[in-house]
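Worksheet: one structure, shown below.
Just so it is clear, none of the values below were taken in a lab; they were calculated from the coordinates. Note that the structure is a prediction, hence the values are computed from the model and not measured. Neighbour counts run over all protein chains shown; Cβ positions are idealised from the backbone, glycine included.
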Amino acid sequence: MRSDIVKHRGGLAPWQAKRVAAYIESNISLSLRVADLAGIVQLSLGHFFRSFRVSFGQPPLAYVKVRRIRHAQVLMLNSREPLSKVALDCGMYDQAHFTRVFRKVVGISPSAWRRQFQSEPMRTLVAQDGRWRPESAGGRMVAGESLPDDYG
């Protein structure tokens with residue numbers, strides 16, 4: 001058990017990591033401030049930044065950005081909503097902002113990504129080898145972009 005203590009040394013406590021992750025997921029369409037996230041787990045801003053990075057492997061706003069893009073991918077797989085609506089539902093300011101962020105995280109534009117995966121009926125995104133990939137009805141895995149594993 002001692003290795004578990006060392007593994008999480010300097011990071012958020014498990015309850016704190018779960019609470020922050022749940023808050024981010026439930027408020028993904030809203031403007032999220034790091035000060036609010038730190039307040040949820042009752043930590044100072046500096047301590048929260050350091051602890052979050054240890055627990056999640058990236059700074060808080062980078063984690064939020066990636067979670068927004070994953071949420072957008074799920075929306076695009078399960079609906080035919082216009083990209084402008086998907087952008088707003090993911091907390092992006094507009095479609096142009098969404099496209100820039102999506103391309104930076106995934107490597108292609110959201111419209112190209114949607115076209116690529118619309119040819120087959122998709123069910124969900126699944127994690128495989130640290131990468132999130134759409135799973136088709138037939139179970140065939142296709143290319144996707146790296147996203148962090150869920151904590152907890």
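Per residue of region 77-87, what does 6.51 cos²θ - 1.76 cosθ + 1.60 with θ = phi - 60° give for ³J(HN,Hα)? Whole Hz please, x for Gly and Pro, Karplus curve as stated.
Per residue, the Karplus-derived 3J(HN,Hα) values read 6, 10, 8, 10, 4, x, 4, 5, 6, 4, 4 Hz.
State to the nearest 20 debye the size of the charge dipole of region 2-62 about its Cα centre, where the only charges are +1 on K and R beta carbons and -1 on D and E beta carbons. Write down the numbers at each step before the final one.
On the way: 8 positive and 3 negative charges, 52 e Å.
That gives region 2-62 a dipole magnitude of about 240 debye.
Which of the trypsin sites (Lys or Arg not before Pro) across region 22-75 are loop residues per DSSP, with 15 or fewer other Cβ within 10 Å? Don't jump to the answer; show the numbers that get you there.
Numbers: sites: R33, R50, R53, K65, R67, R68, R70; in loops: R33.
Filter output for region 22-75: R33.
For Q42 and K104, calculate 0.36 nm times their separation in residues minus their Cα-Cα distance, and state this gained length in nm to one decimal. Please list the in-between numbers first.
Details: separation 62, 0.36 × 62 = 22.32 nm, distance 3.22 nm.
Working it through step by step, the gained length comes to 19.1 nm.
Spin-label point model (7 Å from Cα, Cβ direction): what's the S79 to W15 distance in nm?
Using points 7 Å along Cα→Cβ, the separation is 3.5 nm.
Multiply the residue gap between A112 and R50 by 0.36 nm, knock off their C-alpha separation, and tell me the result in nm, one decimal place.
Details: separation 62, 0.36 × 62 = 22.32 nm, distance 3.62 nm.
Going from the current span to full extension adds 18.7 nm.
How far is it, in nm, from the label point at Y23 to the one at Y93 when both lie 7 Å from their Cα along the line to the Cβ?
Placing both labels 7 Å along Cα→Cβ, they lie 2.4 nm apart.
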